[in-house]
Amino acid sequence: MVTKKMVMIPGPTPVVKSIQDQMGREIQAFGDPRFVADYRNLIADLGKLLNCSGKTFPLAGTGTLAMEMAIANTTKRGDSVLIISHGFFGDRFIDICRRKGLDTDVLASEWGTTVPLADIEMKLKEKKYAAITVSHVDTATGVRADIEEIGKLIDSVSPETVYIVDGVAATGGEFADVDSMKIDILFTGSQKAFGVSPGMFILWAGNKALARRKALGTIPEYYVDFEKWIPIMDEPSKYFATPAVNLVWAMKEATKIISEEGYKERYYRHKKNAEAMQTALESMGFRILAEREHRAVTLSNLIYPEGVEDSSFRSTLYEEGITVAGGLGEYAGRMFRLGHMGNIDINDEVAVLGVIERALIRCGADVEPGKAVGIYMTEMMK
């Protein structure tokens, strides 16, 4: 018998049947009035979901393309940008900004920790920055940034600075509110906490970001130019580039699922589940990289107990039915990364913990069968 494989990496995440059904629909022309209505509704629903009074851009592409879109529309060559990095994906902004000819300053934390607000405040007072970037959650470290407090700080100390939040591994699991958190640009990918297949990103742009784009005039970038897309977002029957039709339908279903659950309620579910999972995983001897007060609710980065070898454990885990991601940077070979975001449920997590227990036992670890599952269930039933 072939063992069913569960994908438990930090994205792509499992895709539920109702979203799969939308992916498999018979294609429609992007000018078909039925599709135009669906696209229009998705744009409106996503804007409402994240409380964005500006513009919402659900477009074909990856989260990395959204990073480029954020920088392209808010900066020009020679501008200064402050990058707050909590890991590998925070660092990705460095290359993007330097390739554009931006004066790039970086505040990077030790992996597992966050950059102190006082350090950010000091930099903002020292220099005028066109933009500041931060990852809400960095999947390399499992660290969650306090985006609300950073937004308040920027609004108080440097209100002209555009605040860019990478929500790829967070939005739809962690809580975010574009307008009330003073976020100027937030973006995410379809394949993470929204629980859709890869291939689409969503970018929310507040009014300050839109005004900055207007002030820049003509920009060298083409596909990611706000000005090219705003007419289509305002009236989806117009054409600039071909939309990902079936992904639009899938995102529409995903947004419906989130709205029906309740956006805040979805965050609380993720939080409770993450805390229960992390308690259970620690009982098996794993150590969580991120400091407790800054742990993400969408994934856990787990340092191995002594004696457990990375490639042997992950290959055994795969044989037992689960795919996880390896560590990055200096933690490659020392930890694995476990996603627990999107539309997974308590039954999925019980299965995951059981498989991890079996894999550890096969790798020679001293683990009591069923203990971690019991701890998880006890925590979830509180």
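The values are calculated or read from the model by the stated rules, or taken from the named source; none is laboratory data. A quick note: this is a predicted structure, and the numbers were derived from the prediction, not measured. Cβ: placed from backbone, ideal geometry, glycine included. Neighbour counts: every protein chain shown.
Answer yes if at least one residue in the range 225-232 is in the same structural domain as Glu26 (by TED's automatic domain parsing), out of contact with any His (no Cβ under 7 Å at 6 or more places or on another chain), surrounded by 17 or more Cβ atoms within 10 Å (Cβ to Cβ) and basic (Lys, Arg), and no otherwise. Within the range 225-232 (the criterion being in the same structural domain as Glu26 (by TED's automatic domain parsing), out of contact with any His (no Cβ under 7 Å at 6 or more places or on another chain), surrounded by 17 or more Cβ atoms within 10 Å (Cβ to Cβ) and basic (Lys, Arg)), the answer is no, since none of the residues qualifies.
Counting only residues that are touching a strand residue (DSSP E or B) at 6+ places or on another chain (Cβ under 7 Å) and not in a loop (DSSP other than H, G, I, E, B), which one in the range 109-123 is nearest to Ile150 (Cα to Cα)? Filtering the range 109-123 for residues that are touching a strand residue (DSSP E or B) at 6+ places or on another chain (Cβ under 7 Å) and not in a loop (DSSP other than H, G, I, E, B), the one nearest to Ile150 (Cα to Cα) comes out as Ile120. Residues that are within 21 Å of Val350 (Cα to Cα) and touching a residue at least 60 places away in the same chain (Cβ under 8 Å) within the range 281-291 comprise Leu281, Ser283, Met284, Gly285, Ile288, listed in sequence order. Residues that are of a type in the set (Ser, Thr, Tyr) and either assigned to a helix (DSSP H, G or I) or within 18 Å of Gly151 (Cβ to Cβ) (or both) within the range 71-108 comprise Thr74, Ser85, listed in sequence order.
Looking only at residues in the range 238-252 that are surrounded by fewer than 18 Cβ atoms within 10 Å (Cβ to Cβ) and in contact with a Pro (Cβ under 8 Å, 6 or more places away or on another chain), which one is nearest to Asp225 (Cα to Cα)? Only one residue fits best here, namely Phe240.
Yes or no, residue by residue, for (1) touching a Leu at 6+ places or on another chain (Cβ under 8 Å); (2) surrounded by 21 or more Cβ atoms within 10 Å (Cβ to Cβ); (3) free of Cβ contacts under 8 Å to residues at least 60 places away in the same chain:
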{"site": "Thr218", "(1), (2), (3)": "no, no, yes"}
{"site": "Ala254", "(1), (2), (3)": "no, yes, no"}
{"site": "Lys264", "(1), (2), (3)": "no, no, no"}
{"site": "Tyr268", "(1), (2), (3)": "no, no, yes"}
{"site": "Lys272", "(1), (2), (3)": "no, no, no"}
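Counting only strands (runs of 3 or more DSSP E) wholly contained in the range 141-205, no element carries 2 or more residues that are surrounded by fewer than 23 Cβ atoms within 10 Å (Cβ to Cβ), touching a helix residue (DSSP H, G or I) at 6+ places or on another chain (Cβ under 6 Å) and aliphatic (A, V, I, L, M). Checking the stated criteria, Phe240 turns out to be modelled with pLDDT of 95 or more, among the hydrophobic types (A, V, I, L, M, F, W, C) and part of a loop (DSSP other than H, G, I, E, B).
Taken over the range 308-351, the criterion of being in a loop (DSSP other than H, G, I, E, B) and of a type outside the set (A, V, I, L, M, F, W, C) is satisfied by Glu309, Gly321, Gly327, Gly333, Arg334, His340, Gly342, Asn343, Asp345. For beta carbons closer than 7 Å, sequence separation of 6+ or different chains, a first residue in the range 292-312 that is closer than 15 Å to Ala365 by Cα and in the same structural domain as Thr323 (by TED's automatic domain parsing) and a second that is at pLDDT 95 or above and among the acidic types (Asp, Glu), the qualifying pairs are Tyr304/Asp310.
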